[in-house]
1. Starting from the Cα of B:ASP211, move 7 Å in the Cα-to-Cβ direction to define the label point; list residues of the stretch B:161-176 whose amide nitrogen is under 20 Å from there.
2. Just order B:178-191, B:102-115 by mean Cβ neighbour count inside 10 Å, highest at the front, would you?
3. How many angstrom lie between the C-alpha centres of the stretch A:178-229 and the stretch A:70-145?
4. Add +1 for every Lys or Arg and -1 for every Asp or Glu among the other residues with Cβ under 14 Å from the Cβ of A:VAL70, and state the total.
5. From the P(r) of the stretch A:169-300, can you give the percent of Cα pairs sitting at distances over 20 Å?
6. At each listed q (0.09, 0.11, 0.13 Å⁻¹), what is the log10 of I(q)/I(0) that the Debye formula gives for chain A modelled as equal alpha-carbon point scatterers?
7. Considering only lysines 8 or more places apart in sequence, or on different chains, count the pairs in the stretch A:52-182 whose C-alpha atoms sit under 15 Å apart.
8. Which log10 I(q)/I(0) values, to two decimals, does the stretch B:205-258 give at q = 0.15, 0.23, 0.27 Å⁻¹ under the Debye formula with one point per Cα?
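What follows draws every value from the coordinates through simple rules; no lab data is involved. Nothing here was measured: the structure is a model prediction, and the numbers come from that model. When we count neighbours, we look across all protein chains shown, and the Cβ atoms used for this are built from the backbone with ideal geometry, even at glycine.
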Amino acid sequence: MSRFDDAAYNFAYLDEQTKRMIRRALLKAVAIPGYQVPFASREMPMPYGWGTGGIQVTAAVIGPDDVLKVIDQGSDDTTNAVSIRKFFAKTTNVKTTEDTEKASLIQIRHRVPETPLKEGQILVYQVPIPEPLRFLEPRETETRKMHALEEYGLMHVKLYEDISRHGDIATTYAYPVMVGERYVMDPSPTPKFDNPKMNQMPALQLFGAGREKRIYAIPPYTEVKSLDFEDYPFTIQKWEEACALCGETESFLDEVILDDHGGRMFVCSDTHFCKTRREQGHTGVQSPDFDRTSQEAIEQ
Amino acid sequence: MTPTPLLNVDSLTVRYGARIGCQDVCFDLYPGEVLGVVGESGSGKSTLLNAVSGQLAPDSGKVLYKTRLNEPSNIYAMTGPDGRILMRTDWAFVHQNPRDGLRMSVSAGANIGERLMGVGWRHYGEIRTAGLNWLEKVEIDEDRVDDLPSTFSGGMLQRLQIARNLVSKPRLVFMDEPTGGLDVSVQARLLDLLRGLVADLGLSVMIVTHDLAVARLLSHRLMVMQGGRVVESGLTDQVLDDPQHPYSQLLVSSILQV
């Protein structure tokens with residue numbers, strides 16, 4: 001007997017009726033890219049804000065043959081990722097992996113993997129606040145009307161305000177996007193660095209907001225455009241440093257404080273991506289076997 | 001040849017349950033005309049304004065508005081998007097309390113730019129220039145463009161609200177006691193400004209006020225309301241200098257003479 005039978009949980013924790021309800025919402029979400037579909041979000045055995053929306057979506061789409069990867073801030077081994085991975089390992093008995101390429105289902109929080117995703121994969125985002133217009137227009141009745149009538153001038157008011165206060169569009173995460181030239185969508189608190197990856201992605205992207213009871217989706221190969229001004233075009237973050245462990249210059253870097261004398265290093269936030277590169281022999285300034293002479297030769 | 005009225009209001013009635021908000025109100029508003037509505041508080045002025053501006057559904061009657069492109073059409077029969085686009089572009093509504101009409105959490109420049117962005121402006125520099133121009137028109141220092149409205153005085157807020165509304169070049173402006181809550185000298189300056197803008201831009205205005213001085217300064221024609229009904233209407237000077245209805249006479253005679 002498999003472990004989940006002993007635990008007396010239904011496959012993937014949720015009961016079948018709930019999963020059907022979520023799948024219906026998912027189908028509608030895929031049919032109307034970027035549109036927020038209300039659903040009867042359930043209480044999950046973890047607090048709101050930890051990914052209750054994401055795990056409900058994952059529970060509704062996961063099958064016995066799936067291979068699951070869970071990341072939090074790009075990392076496979078943070079508390080949130082480990083707990084959710086264990087939760088599904090226990091309630092579904094599916095294989096889990098840290099390898100982005102081998103996973104068929106990837107639940108993420110705050111980062112899209114650096115490794116390009118391919119057809120057949122499903123990406124599940126955990127979303128705290130699904131409504132991009134919320135902070136400018138608190139009334140749900142009004143924001144729904146604005147979505148229905150494509151009244152998105154207000155979203156630019158926020159970007160205008162950024163430029164007038166900070167000299168540039170200072171929104172760095174949850175950067176609003178236009179999906180399929182119709183709905184403005186909050187890409188969840190992923191850094192704007194990941195916005196271009198969402199555009200024309202071969203994988204299916206599903207978004208679940210548990211507390212706010214909304215599901216939305218981007219089907220494969222859909223246009224996702226970050227909003228901007230003609231004279232202030234959308235740009236992504238850039239670092240002057242390379243990853244201190246693998247030497248990568250094109251990935252999203254986390255800053256790690258090393259001591260109290262201003263010591264710091266920058267490392268890839270995607271731990272699996274960084275590990276794969278190190279296994280391939282790439283090194284960074286903090287690697288034990290870092291070859292300084294060759295690095296200097298390259299710089300000269 | 002008589003010009004087509006911009007707005008044609010036909011036997012408009014609003015009831016609040018058994019009570020009457022306003023009853024059988026009919027009037028025409030012509031392009032470039034300023035119509036004042038006066039009466040004591042509770043006389044149905046604001047109800048009428050809200051109903052005519054489409055914010056309140058009337059129990060009976062209709063309001064025909066001549067849009068830029070089309071023949072006069074009933075505003076209550078307009079579908080959602082048409083009505084909302086009208087409210088954002090061709091019409092403007094100046095609230096008594098500027099905080100109701102402004103977005104208090106974004107800067108003055110963003111407040112003025114909102115309507116422009118709403119109709120598809122996507123060039124920051126142009127939006128900002130339009131904002132600066134309008135600040136100058138309403139006599140607010142240009143260096144306040146990035147300040148939040150909460151740092152503005154009452155008079156400045158009201159002027160900012162006017163700028164925010166007029167930036168989309170509306171043809172019809174509704175005003176609900178625009179000078180209420182301001183002290184007398186600020187009121188005088190605001191009225192001066194309003195009179196100038198209305199004349200320069202050729203706006204049609206429906207202005208509700210209980211202040212007969214405001215009505216005399218701004219409006220060409222006047223309607224006097226009592227208990228939800230229009231009891232007298234005519235040219236402003238005519239109504240104020242030679243009121244016919246007993247209630248109008250009472251209203252005019254109750255102005256304090258200093």
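1. Flagged as within label range: B:161-166, B:173-176.
2. Result, highest mean Cβ count within 10 Å first: B:102-115, B:178-191.
3. 12
4. Taking every other residue near A:VAL70 into account, the sum is +1.
5. Summing the P(r) of the stretch A:169-300 above 20 Å gives 59 percent of all pairs.
6. -0.49, -0.71, -0.96
7. Pairs that pass both the separation and distance tests number 7.
8. Result of the Debye calculation: -0.36, -0.89, -1.24.
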